[in-house]
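Student: Take a look at the following structure, please.
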Amino acid sequence: MVLKLLKGSILLFLLVDFGAATAQTADDSVLIRRLADTILTDGKAYGNLSVLTKKVGARLSGSAGYYKAEKWGVAALTDASGSAGKVYLQECMVPHWVRGGKDEAFFEWSDGRRPAKGVRKSLDILALGNSVGTGPAGVTAQVVLIHDFDELERRKDEIKGKIVFYNYKFNPLFIETFKAYGDAVRYRALGPSRAARYGAVAVLVRTMGEGVDNNPHTGALMYNDSFPKIPAAAVGLRDADALAAALEGGRNASVFLRTMAHMLPDTVAHNVIGEIRGSEFPDQYITVGGHLDSWDPAEGAQDDGAGCVQSIEVLRALQAIGYQPRHTIRVVLFANEENGGRGGRKYASAAKEAGEKHLLGLESDAGGFTPRAFSLGLSDTQLAVVHPWLTLLQPYGVYEFVKGGGGSDVSPMKPELGAVVGELLPDSQRYFDLHHSRADVLENVNKRELELGAVNMAALIYLVDKYGFGQ
Ligand SMILES: [Zn+2]
């Protein structure tokens, strides 16, 4: 009997000692249930998103919309954090790119019959973010169909004076569409300067997506300063197919392109921050956020209004159930993710300067779709420690912790602050039907999917606040 008791207490001691992060109690599932209940019944995520998308709308860095969005963010965070909260702006300089007018393009080719009959077809395009424009006269040149960078290198002598059309497609064999995006997006980001190097006068790039519509998707390019800056635009998928079909077999076609895009001087914008102070470790931080800026063709509903309102909802839900966090919980609505990443870098560098200790930087910037997993920048040992938390998240949809990291806004927190960074990974199948296109509107956000993302984010923040990562 004595021996049995002793054995029992040794076992108990071992369990407790194994690491606080593994310990979880029935209380945890009750508390997470309460978070879920308030988000699913009294939640403000969708209502906040309605205001952001319909009353503010597009909000690219430096635009009037962005400053309206800052005001919206202050109001929403003030409401969510209650009397215990603190809401403030963090200044950062941002690039100020403007589209400058309507983008126009068409192509003309001969149908190959004798006598040849000229055919003209308009192209649905959007100038790429940060691109220069053609000016009001536009540019007309013969177009060269290029399937990938290897072909560009092989045919570099044919490029001078031409418009290069990159028709690299999303690889449908990637089940996670972010992998297809990562594979294809180098043609948008780097393709213009690669073509300029060989004397191209402009670039068209197949839209980053594999939807069935013809909406062009914009997004940032990155010029290489060693080569001339040339105009560049994305072409809708159906029009890209039509242009490619006209050019297959070496047929000639010319393209007319007119864009009025240009860069203005850098300007001041802000990260919008709301926090509730920790009761035990007020000088240690857990950050959760999304980016406040969005592309100009639509409302930035999924990218990334969803991540903003989910992050605000985490704060609201913790307050609503009366949870007193041990660490300071901060919501950050980051500036300038889309065409500069300045807000994320500013946040991390300012935190470093202030000597802050950060446990976690979590973001939601992959759409407000059904939650599936969290990507976390943890070691295998740390992942094993948090793995038991999945039993608490599974009822709400997250069934996996993926070893990885965060998106571009929280990533700088790792090198600057040594923080664990991570992101919500929702179902990815529909994201690139909408991303950076005129279809990214509130009507393409499902209220319940959005809320379930917030539930899982709130649950993870709670667990990290309570148990840490077992370091
Ligand atoms: Zn985004």
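Student: One residue is enough: does region 412-428 have a residue meeting the conditions within 16 Å of the ligand (Cβ to nearest atom), open to solvent by 40 Å² or more (accessible area, probe 1.4 Å) and assigned to a helix (DSSP H, G or I)?
Tutor: no
Student: If I go through region 290-325 residue by residue, how many of them are in contact with a strand residue (DSSP E or B) (Cβ under 6 Å, 6 or more places away or on another chain), of a type in the set (S, T, N, Q) and near the ligand (Cβ under 10 Å from one of its atoms)?
Tutor: 1
Student: Right, here's the next one. Name the one entry in D225, D239, D213 that is open to solvent by 10 Å² or more (accessible area, probe 1.4 Å), free of Cβ contacts under 8 Å to residues at least 60 places away in the same chain, among the acidic types (D, E) and not in a strand (DSSP E or B).
Tutor: Values: D239 fails: free of Cβ contacts under 8 Å to residues at least 60 places away in the same chain; D213 fails: free of Cβ contacts under 8 Å to residues at least 60 places away in the same chain.
One residue alone meets the criteria, D225.
Student: Scan region 86-99 and give yes if some residue there is closer than 30 Å to R277 by Cβ, at pLDDT 95 or above and part of a helix (DSSP H, G or I), otherwise no.
Tutor: Residues of region 86-99 that are closer than 30 Å to R277 by Cβ, as a first pass: 86-94.
Within this subset, residues satisfying the condition of being at pLDDT 95 or above are 86-94.
From what is left, the residues that are part of a helix (DSSP H, G or I) are none.
Looking through region 86-99, none of the residues is closer than 30 Å to R277 by Cβ, at pLDDT 95 or above and part of a helix (DSSP H, G or I).
Student: Look at A350 and say whether it is without any contact (Cβ under 8 Å) to a residue 40 or more places away in the chain, open to solvent by 10 Å² or more (accessible area, probe 1.4 Å) and aliphatic (A, V, I, L, M). Outline the logic, then answer.
Tutor: On the way: without any contact (Cβ under 8 Å) to a residue 40 or more places away in the chain: no; open to solvent by 10 Å² or more (accessible area, probe 1.4 Å): yes; aliphatic (A, V, I, L, M): yes.
For A350, the condition - without any contact (Cβ under 8 Å) to a residue 40 or more places away in the chain, open to solvent by 10 Å² or more (accessible area, probe 1.4 Å) and aliphatic (A, V, I, L, M) - is not met.
Student: Confirm whether S408 is open to solvent by 40 Å² or more (accessible area, probe 1.4 Å), in the same structural domain as T381 (by TED's automatic domain parsing), small (G, A, S) and touching a residue at least 24 places away in the same chain (Cβ under 8 Å). First the steps, then the outcome.
Tutor: Details: open to solvent by 40 Å² or more (accessible area, probe 1.4 Å): yes; in the same structural domain as T381 (by TED's automatic domain parsing): yes; small (G, A, S): yes; touching a residue at least 24 places away in the same chain (Cβ under 8 Å): yes.
So S408 fits the description; yes.
Student: Shifting gears a bit: Evaluate the following for T287: is it of a type in the set (S, T, Y), open to solvent by less than 20 Å² (accessible area, probe 1.4 Å), away from the ligand (no atom under 16 Å from the Cβ) and farther than 15 Å from M457 by Cα? Talk me through it step by step, then tell me what you get.
Tutor: On the way: of a type in the set (S, T, Y): yes; open to solvent by less than 20 Å² (accessible area, probe 1.4 Å): yes; away from the ligand (no atom under 16 Å from the Cβ): yes; farther than 15 Å from M457 by Cα: no.
In short, no.
The values are calculated or read from the model by the stated rules, or taken from the named source; none is laboratory data. All of these numbers come straight from a predicted model, not from anything done at the bench. Reconstructed Cβ throughout: ideal geometry from the backbone, glycine too, with neighbour counts over all protein chains shown. Each accessible area value is taken on the protein alone, full model and side chains, heavy atoms only, with ligands, DNA and RNA left out. Shrake-Rupley method; radii C 1.70, N 1.55, O 1.52, S 1.80 Å.
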